[in-house]
Amino acid sequence: MSEFQLALTNTAGVSSVMSFWVFVASNGLKRWRDGMLKAASIVMAIGFVCLTVSIATRGLEAQRFPLANLYESLLWFAWATMGGYLLLSGAYGIRQLGWLASLTAATFFLYGSWLPASQHEITPLVPALVSYWRQIHVPPLIVSYAMFFLAGLSGLLQLFHARRYMSLALAGATIVLSGTAIALGTFTTVDTRWLQALFVGGSLIGMVSAYKSLKVTKGEPAIKAAELYDDVSYRAIAIGFPLLTIGVITGALWANHAWGTYWSWDPKESMALVTWLSYAAYIHLRVHQEISAEKLSLVSIAGLLLTLLTYLGFNSLGFGGLHSYGRFK
Amino acid sequence: MVPETAQLKSANVKIFRGPFAIFSSVRLTVVLLTLMAATVLLGAWCPQESAVGQEKVIEQFGEEMAVNLHNWGITDLFHTPYFLILVAVLSLNMIAGSLEKVFPKLLLLKLPLPFYQAQQLEKFPFHAKLTSSAQPNTIMEAWQIQLQKRGFKTVVRGNQLAAEFGKIGRLAPTITHIGLLSLLLGVTITSWTGFSGFKPVRMGSDLTFGDSEHSKLWIGQLPTWKVHVDSTKREDYESGEAKQWYSNLSVIDKSGKTITSQEISVNNPLSYGGVDIYQSSWGMDQIVVSFNGRERALDLRPMGKLYAAFLPLDADTILIFSIKDQDKPLRLFAKRPEWGAPKLITEVPMGKSLMLGSVKMTYVKAVPVTGLQYKADPGLPIVYTAFGFIIVGVMLAAIPFRHVWIVVEQQGPGSVVYIGGRSKKAKTGFARMMTKLIAQLAAQWPEEALAEPVFHSDAITNGEAITNNEHADEHKLVTVGSTRRNDHV
């Protein structure tokens, strides 16, 4: 990795941290709030541009499409999260999603920076990845994961504005717990069975408790901001779902081309199917059923957890499978 | 309920009645999708014997737990009656839902846009009422132009206007469901007539299809021809990592005649007679050495990036033969208990000999093995077509489907404008667009004193009628409302 690419990546990482703090500070300084929100978005936009150039530079240096290992996918994920936020904030005029989006991007930068140096280095591709399908199959998936993250984060904000604080706290704690399991699985030697139990068990208990603590009264007037974030969440899923579909289907086409079978119940592809099914359920619930925005928010947060499990969980929590070249241990 | 809802519901067809009506229920769809997701998650968590073998399950969970998981059917979850029944019920639900609810909606595409009376517009999720000094015709024309600019198709009938955006998005469920049903058909055809398998084949040996895997309910045929592995090799990066594996294959018919030949590699299969043959793995299988002229084949074991064969010489001494691939020299080591590590004796290029005491050893050849995956998938064209439908369907689903209705009535010297609209998907975005549009149109008449921010914020509030008494001008907003999301039609 060249110094230039490293500098650009670091600038993008620092931008996400800076924009996070400016977003947070804007909540305490109402007088300068609009200006600070705008400034935070601009800082994030600068980070987004730097990261775009960084990824392109890495591709030029490697003389291949720069999406071949976990570290590179994390750069793409952070890029898509920042870009997705800028897109949604432009469309909806929302900025409060910014602090969660920048926190997510910063967390993934940090996670990437802690990976071993071998992940940062540009290394040759294993035979299975020497294919044009790689650039068709992987980017839609990573971008869809980022959009699902933004949808789940909007779900958290919807719960906040709808004043469902207990559900919000439980859902937020569940996400933190799941992230902790992923981090422990990646950077420590803790038995993965405990971490699997922590992730899956914690998610189940957390989300069921969040659902139980949700009290929605029929005919209750909606709150403007809560409605807005419900809409943003749906919009992000409406972008992410076709991308996930394209990613899963092109993966099936690639698998058929390379392995002779388009579906082999590999853990990672099964998990991508689980995520697809959960968002298909979300769309059916949203379009056909009269279900409250708060419940839909919980579905989108559950979707975020499934996305996290699909993207990082299966490698870091020791599920193995044909996609294990995403691992580094 | 607004009249259009009745129209939408009237499009539904009733095929499944009585207790069978549940099969077309959307609620059942959601329950089945959730069950399917939970089941697949369980199957992803537990290694599947059919894919990785029983040893992997034992390695991961220990023998006792592995036996329990096996007895519960979790180690081969995707072949259990439970999973097959789940797939069958989901398929039935999809077929019923498609026939009763999804496909009939296509008929609605042909129907002309309905028109509504002023009072009916107040029942729409987004509604507003304005007064203006301008004449009805002028107002109607302005609305028509602005809506058309935003991609709406408009129809005007007297003092009423109906506009529609994203009609093509309405095809999304139909196309997606056609795709899913086609996928089901393709997979069924493959299951009944297709076969697959994996075989490591030594260079110079044949691949035949006698031990192929296929479903129990099978009406297909296995090929009578075979595939000969003429040669196989590995290509490395400069760093020594494997870059690609290649195999030269010949298809040979029953009479022994070569029909076709092709070099395959990972991601570049050979297709012949409906069977695809893939380069799946590669390794070194044997070395052939001769001792005083007597040839002997020694089996190789993978040892990291190398392969090694072991030949005990006596109770304490082991001769180790190590190679990287067939082009590299053979390295000879000896191992004795008192030595910390094996000692390198010498390197022998292929075809060369050396003396081991009184024994003349010759390195004759190395035999690589190529891992060939094969399959016949007659349903594949249908599956690929289904993939195309699904991708198009879900992409169309992202297009919001929006309706706007306007009624303009003469009121004294001016007009009163009734606005109603709905968006099935991005409702807040729709409300924002409508509010901006109202403000923009209001700005066309300079004498009007409407403040845009008032529209902007109020239009996305919920269900409450807002009276703007501050601006008692000729053209003013009287009410704007949008109802809570789950109260929508």
Approximate spin-label separation B:Asn268-A:Lys215, in nm, with each point projected 7 Å along Cα-to-Cβ: 6.8 nm
Kindly give Rg over Rh for the range B:328-440, based on alpha-carbon atoms, with the Kirkwood expression for the hydrodynamic radius. 1.69
Helix-only CD estimate at 222 nm, as mean residue ellipticity for chain B, using -39500 (n - 2.57) per DSSP H run (n ≥ 4): -9500 deg cm²/dmol
Can you sort B:Val102, B:Val359 from fewest to most other Cβ atoms within 10 Å of each residue's own Cβ? B:Val359, B:Val102
Once the Cα atoms of the protein assembly as shown are picked out, what are the Rg and Dmax in Å? 32.1, 123
Give me the extension gain from B:Thr224 to B:Val359: residue separation times 0.36 nm, minus the current Cα-Cα distance, reported in nm with one decimal. 43.9 nm
Using the Kirkwood formula on the Cα atoms of chain A, what hydrodynamic radius do you get, in angstrom to one decimal? 20.2 Å
Per-pair calculated FRET efficiency, R0 = 35 Å: B:Asn71 and B:Leu185 via Cβ, rounded to 0.05: 0.50
Which value, in debye to the nearest 20, gives the size of the charge dipole of the protein assembly as shown about its Cα centre, when Lys and Arg are +1 and Asp and Glu are -1 at the Cβ? 900 debye
Quick one: if you stick a label point 7 Å off each Cα along the C-beta vector at B:Thr346 and A:Ala39, how many nm between them? 7.8 nm
Chain lengthening between B:Trp339 and B:Arg202 when straightened (0.36 nm per residue, less Cα-Cα): 45.8 nm
For the range B:222-263, the Cα convex hull volume per residue in Å³ comes to 63 Å³
Please work out the Cα center distance from the range B:335-403 to the range B:411-433, rounded to the nearest Å. 62 Å
Calculated from backbone phi, Karplus (6.51, -1.76, 1.60) coupling profile of the range B:366-376 in Hz, x at Gly/Pro: 10, 10, x, 10, 10, x, 10, 9, 9, 6, 10
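With a/c under 1.5 counting as rounded, go ahead and sort the range B:3-108 into rounded, prolate or oblate using the C-alpha gyration tensor (a ≥ b ≥ c being the square roots of the eigenvalues; past the cut-off, prolate if a/b is larger than b/c, else oblate).
prolate
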Among all the lysines, which ones have a C-alpha under 21 Å from B:Lys360's C-alpha, if same-chain residues fewer than 8 places away are not counted? B:Lys328, B:Lys335, B:Lys343, B:Lys352
With no solvent and one point on each alpha carbon, what is the Debye value of log10 I(q)/I(0) for the range B:295-357 at q = 0.30 Å⁻¹? -1.51
Between the range A:12-89 and the range A:238-317, the Cα center-to-center distance that results, in Å: 25 Å
Fewest Cβ neighbours within 10 Å first, please rank A:His137, B:His214 accordingly. B:His214, A:His137
Amide H of B:Cys46 versus every other amide H placed in the peptide plane: which residues, excluding those fewer than 5 positions away on the same chain, fall under 5 Å? none
Note to self, chain A gives a 222 nm [θ] from helices alone (DSSP H runs n ≥ 4, -39500 (n - 2.57) apiece, / all residues, nearest 500) of -26500 deg cm²/dmol
Let me have the relative contact order for the range B:284-367, percent, based on Cα pairs under 8 Å that are six or more residues apart. 30 percent
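Can you figure out the FRET efficiency of B:Ala88 with B:Ile168, using R₀ = 35 Å and their beta-carbon distance, to the nearest 0.05? Don't skip to the end; give the middle numbers.
Numbers: r = 33 Å, r/R0 = 0.94.
The calculated FRET efficiency here is 0.60.
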Using the beta-carbon distance between B:Thr80 and A:Glu3 and R0 = 51 Å, what value does 1/(1 + (r/R0)^6) give for FRET efficiency, to the nearest 0.05? 0.40
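Coordinate-derived values only; no laboratory data. In this text, all values refer to a predicted model and were calculated from it rather than measured experimentally. Virtual Cβ from ideal backbone geometry, glycine too; neighbours counted across all protein chains shown.
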